[in-house]
Amino acid sequence: MPQLVRNSNGSVLIEAILSVVILSTGLTLIVRSMATAVKGEQRMAEYATAIVLADNVMFEVLRKGKTDALLSQSAEFEEPFARFRYELNTSALSYPQYEEGAVNEVRLHLFKSPADEQVVAVTTHLPDSSHHETTE
């Protein structure tokens with residue numbers, strides 16, 4: 001019958017404790033990485049949703065082809081997007097090649113509730129409705 005080595009002076013216990021520490025540290029890092037990945041995936045999904053919502057709002061503005069200066073509009077989206085809201089503002093721009101006030105800057109800011117964290121901002125330029133030429 002083989003005998004156990006008795007002069008190890010607790011080295012087996014130290015090795016076991018060290019193994020447990022290394023293993024627990026590795027598992028902790030893996031769990032943290034997974035949590036960070038899930039959080040990043042959720043943020044990207046919300047960002048993609050915000051992009052689509054902003055695109056829909058800007059499409060309605062661009063569909064008209066012209067805007068009024070000093071327009072200010074704020075609204076919340078309906079379910080299932082009620083956690084998002086937007087602010088749409090216009091202001092007159094001055095370009096040397098155009099008549100004063102002929103072009104407006106349109107700014108759209110989309111926010112996510114409850115923290116009102118800005119998710120998307122879009123800016124474009126459109127003709128002012130009072131200067132828009134019509135052909136008959």
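The values are calculated or read from the model by the stated rules, or taken from the named source; none is laboratory data. Predicted model, so just to flag it, every value in this text is computed and none were measured. Cβ sites come from the backbone with ideal geometry, for glycine too, and all protein chains shown count toward neighbours.
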Within region 88-123, tally of residues that are more than 17 Å from the chain's Cα centre (by Cα) and among the hydrophobic types (A, V, I, L, M, F, W, C): 6
Qualifying residue in region 49-66 (condition: over 30 Å from S130 (Cβ atoms), basic (K, R), assigned to a loop (DSSP other than H, G, I, E, B) and more than 21 Å from the chain's Cα centre (by Cα)): no
Extreme residue, modelled with the highest pLDDT, among residues of region 95-109 that are within 24 Å of E46 (Cβ to Cβ) and touching a Leu at 6+ places or on another chain (Cβ under 6 Å): L108
Among residues of region 58-92, those that are closer than 17 Å to H125 by Cβ and acidic (D, E), counted: 2
Criterion: of a type in the set (D, E, K, R) and at pLDDT 90 or above - qualifying residue of R85, R43, R6: R85
Output for region 72-87, where each listed residue is part of a strand (DSSP E or B) and more than 8 Å from F111 (Cα to Cα): S72, Q73, S74, A75, E76, E87
Of all residues in region 84-118 being within 19 Å of V52 (Cβ to Cβ) and without any contact (Cβ under 8 Å) to a residue 12 or more places away in the chain, the one that is surrounded by the most Cβ atoms within 10 Å (Cβ to Cβ): Q118
Some residue of region 50-63 being touching a strand residue (DSSP E or B) at 6+ places or on another chain (Cβ under 9 Å), closer than 29 Å to A115 by Cβ and exposed (fewer than 15 other Cβ atoms within 10 Å of the Cβ): yes
Number of the condition not met by S130 [criteria: (1) in contact with a strand residue (DSSP E or B) (Cβ under 6 Å, 6 or more places away or on another chain); (2) loosely packed, with under 13 Cβ neighbours inside 10 Å]: (1)
